[in-house]
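To keep things clear, I will list the structure first and then write my remarks on it.
The values are calculated or read from the model by the stated rules, or taken from the named source; none is laboratory data. Keep in mind that this is a model prediction, so the values were computed, not measured. Please note: Cβ atoms are built from the backbone with ideal geometry, for glycine as well, and neighbour counts cover all protein chains shown.
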Amino acid sequence: MSIDWDTLKTAEDLQAERDESEALNVRNKRDELIRATDYFMLPDAPDAPAGIAEYRQALRDITEQAGFPHDIEWPSLGVD
């Protein structure tokens, strides 16, 4: 039996996989939050809460945060 050293993952490979997984989780949450506000962007929707466009843009910009994907500062819409 021989060992194929090319298939062993380094600590860096494992960390990259964890980072990719966390990034996917963050993007999925972001997409869910954006979908929850899609209704307000329709032309015949009732008045949207103040700041909805800025909130949606902040969600889209999450991947540009310095701490992405592990340290995210989630925007707040500020409505109850």
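Looking for something surrounded by 11 or more Cβ atoms within 10 Å (Cβ to Cβ), part of a loop (DSSP other than H, G, I, E, B) and on the phi < 0 side of the Ramachandran plot - is there at least one such residue anywhere in the stretch 27-35?
No; the residues of the stretch 27-35 include none that is surrounded by 11 or more Cβ atoms within 10 Å (Cβ to Cβ), part of a loop (DSSP other than H, G, I, E, B) and on the phi < 0 side of the Ramachandran plot.
Which residues, taken from the stretch 36-77, are part of a loop (DSSP other than H, G, I, E, B), surrounded by 13 or more Cβ atoms within 10 Å (Cβ to Cβ) and at pLDDT 90 or above?
THR37, GLN65, PHE68, PRO69, ILE72, PRO75
Please find, within the stretch 1-21, the residue that is modelled with the highest pLDDT out of those that are in a helix (DSSP H, G or I) and among the small types (Gly, Ala, Ser).
SER21
List every residue pair whose Cβ atoms sit under 7 Å apart, with the two residues 6 or more apart in sequence or on different chains, where the first one lies in the stretch 10-39 and is closer than 19 Å to PRO75 by Cβ and the second, anywhere, is basic (Lys, Arg).
ILE34/ARG56; THR37/ARG56
In a helix (DSSP H, G or I), of a type in the set (Asp, Glu), modelled with pLDDT under 90 and surrounded by fewer than 10 Cβ atoms within 10 Å (Cβ to Cβ), is that true of ASP80?
no
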